[in-house]
Amino acid sequence: SRAVMSWKPVKTEANIVDLLVATEKGTPNQAFEASYSIGQLFYEWLIGTYGFDKFITMLKNVGPTSSFDENIKTTYGISKMQAYEKAAPYMLRAWNKATK
């Protein structure tokens, strides 16, 4: 979205990780607007990498786990930041395709 493109740079994998972290808060308004598209790319990567069944497990773990980070660790065996860093190359490629 235009709001995202003017809010934070999206040129490197580190920028993607920064954007993922920033959208967790939902504020400012640009973070809220970006959260759907950035989140969709992240979930697309999770499903493509680990499979849909694992994604369903993550959704089921929302209640039993105390945070998103704990849920990612419980479901995928890696930290949230590790997942963000692993997803960043895919997400950057997809972002660049969509914005050209």
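The values are calculated or read from the model by the stated rules, or taken from the named source; none is laboratory data. Bear in mind the structure is a predicted one, so any value in this text is a computation, not a measurement. No Cβ is skipped: glycine too gets one built from the backbone with ideal geometry, and neighbour counts run over all protein chains shown. Accessible surface areas use protein heavy atoms only, side chains included; no ligands, DNA or RNA. Shrake-Rupley method; radii C 1.70, N 1.55, O 1.52, S 1.80 Å.
Test of understanding: among Val10, Val62, Val21, Val17, which residue is open to solvent by 30 Å² or more (accessible area, probe 1.4 Å), touching a residue at least 40 places away in the same chain (Cβ under 8 Å) and not aromatic (Phe, Trp, Tyr)?
Working: Val10 fails: open to solvent by 30 Å² or more (accessible area, probe 1.4 Å); Val62 fails: touching a residue at least 40 places away in the same chain (Cβ under 8 Å); Val17 fails: open to solvent by 30 Å² or more (accessible area, probe 1.4 Å).
Result of the check over Val10, Val62, Val21, Val17: Val21.
A single member of Ile38, Ile47 is under 21 Å from Ala98 (Cα atoms), hydrophobic (A, V, I, L, M, F, W, C) and free of Cβ contacts under 8 Å to residues at least 12 places away in the same chain, and it is Ile47. Cβ separations smaller than 9 Å between residues 6+ apart or across chains give the following pairs from segment 81-100 residues that are among the basic types (Lys, Arg) to residues that are outside any helix (DSSP H, G or I) and open to solvent by less than 50 Å² (accessible area, probe 1.4 Å): Lys86/Ile78.
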